[in-house]
Amino acid sequence: MTLTFEDFSLGRFGTFGPRHVSRDEIIAFASEFDPQPMHLDEAVAKHTMLRGLAGSGWHLCSLMMRMMFDGYIGRTASLGSPGVDEVRWLLPLRPGDDLMLDVDVAAARVSRSRPEMGIVTFAMRMRNASGQVLLEAVSPIMIRRREGWAAQN
């Protein structure tokens, strides 16, 4: 079943995961996209403000996107996103973390200029197995309305 705008009510939408993150994955991501020493070298990372090897915040955002897609975006009549309103990295991603993504619908409105779609604003929190929140993000997604989806299919 494809989710349309009308399927997103204000409040808790769901929790997705877990997603395990390995040391090798952290280093591989950093090697390609964010090759700072605290993401690549355990010995050097011990002497940084992170006090140990930590995944890039961009790695954490990529994991969040994958968890969103696997959890609901992949079965949503999504028309894309106009951007991300907020991303905050609160604690470092560590090797061995098991991540969970909590997703709330913070706002939902029909587009004034394109009434065949709505804009749903999601508030997300990525946490580790201890319940510590590593990331908070707020992002709107444009989603086709049910009538518009039926007309397309």
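The values are calculated or read from the model by the stated rules, or taken from the named source; none is laboratory data. Everything quoted here is computed from the prediction, not taken from an experiment. Reconstructed Cβ throughout: ideal geometry from the backbone, glycine too, with neighbour counts over all protein chains shown. Quick note on the areas: whole protein, heavy atoms, side chains included, nothing else; ligands and nucleic acids left out. Shrake-Rupley method; radii C 1.70, N 1.55, O 1.52, S 1.80 Å.
Against the definition (touching a residue at least 40 places away in the same chain (Cβ under 8 Å) and over 22 Å from GLU136 (Cα atoms)), how does LEU50 come out, yes or no?
Against the criterion (touching a residue at least 40 places away in the same chain (Cβ under 8 Å) and over 22 Å from GLU136 (Cα atoms)), LEU50 does not qualify.
For the stretch 71-88, state whether one or more residues are open to solvent by 40 Å² or more (accessible area, probe 1.4 Å), among the basic types (Lys, Arg), within 15 Å of the chain's Cα centre (by Cα) and over 15 Å from PHE16 (Cα atoms).
Checked against the condition, which is being open to solvent by 40 Å² or more (accessible area, probe 1.4 Å), among the basic types (Lys, Arg), within 15 Å of the chain's Cα centre (by Cα) and over 15 Å from PHE16 (Cα atoms), the stretch 71-88 yields at least one hit.
Any residue that is under 16 Å from the mean Cα position of the chain (by Cα) and assigned to a strand (DSSP E or B) - is there at least one of those in the stretch 143-152?
Checked against the condition, which is being under 16 Å from the mean Cα position of the chain (by Cα) and assigned to a strand (DSSP E or B), the stretch 143-152 yields no hits at all.
Out of the residues in the stretch 127-153 meeting the condition of being of a type in the set (D, E, K, R) and modelled with pLDDT under 95, tell me which one is most open to solvent (accessible area, probe 1.4 Å).
Looking at the filtered set, the residue picked out is GLU147.
Residues that are part of a strand (DSSP E or B), hydroxyl-bearing (Ser, Thr, Tyr), more than 19 Å from ILE26 (Cα to Cα) and touching a Pro at 6+ places or on another chain (Cβ under 6 Å): does the stretch 119-141 have at least one?
Yes, the stretch 119-141 contains a residue that is part of a strand (DSSP E or B), hydroxyl-bearing (Ser, Thr, Tyr), more than 19 Å from ILE26 (Cα to Cα) and touching a Pro at 6+ places or on another chain (Cβ under 6 Å).
Give me the residue from the stretch 108-122 that is among the small types (Gly, Ala, Ser) and closer than 12 Å to ILE141 by Cα and, out of that set, most open to solvent (accessible area, probe 1.4 Å).
ALA108
Suppose the filter is open to solvent by 60 Å² or more (accessible area, probe 1.4 Å), within 15 Å of the chain's Cα centre (by Cα), closer than 12 Å to ILE141 by Cα and of a type in the set (A, V, I, L, M); does VAL105 pass it?
no
Failed condition for ARG23, given (1) closer than 30 Å to LEU3 by Cβ; (2) in contact with a Pro (Cβ under 8 Å, 6 or more places away or on another chain); (3) among the charged types (D, E, K, R), with all others met?
Answer for ARG23: the failing condition is (1).
Could you list, in sequence order, the residues of the stretch 117-132 that are aliphatic (A, V, I, L, M) and more than 12 Å from ASP97 (Cβ to Cβ)?
Of everything in the stretch 117-132, those that are aliphatic (A, V, I, L, M) and more than 12 Å from ASP97 (Cβ to Cβ) turn out to be MET117, ILE119, VAL120, ALA123, MET124.
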